[in-house]
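Below you'll find the structure, written out as structure tokens, and then a few comments.
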Amino acid sequence: MSTTTLPEVDTRPETTDSTDSDEPKVFHYVRKNKIAESAVMGTHVMALCGEVFPVTRSPKPGSPVCPACKEIYEGLRPGPED
């Protein structure tokens, strides 16, 4: 019986772009009452598209929006005005 050593393999997915920034590529729609809680407590929120993540950034005007979240949001009925 013989043993063979396998060569080192880069296991990162091909689409991984390594950057030092934690800035999201797109911003998601999340319930308003969960944003502050997540930012302060570090809890995770669920976006309309189903993605789960902690809130770490707030969007600036013109920031890219998740296409799936936007489509779902535009299909919702208007809620009561506060």
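Readers should treat all values here as calculations from the given coordinates under stated rules, not as data from a laboratory. The structure displayed is predicted, hence computed values, not measured ones.
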For this session: Work out, step by step, the length gained on full extension between I72 and M41: first 0.36 nm times the residue separation, then minus their alpha carbon distance; give nm to one decimal.
Result: 8.5 nm
Seminar exercise, completed: Amide H proximity to F53 below 5 Å, modelled H, separation 5+ or other chain, gives V45, A47
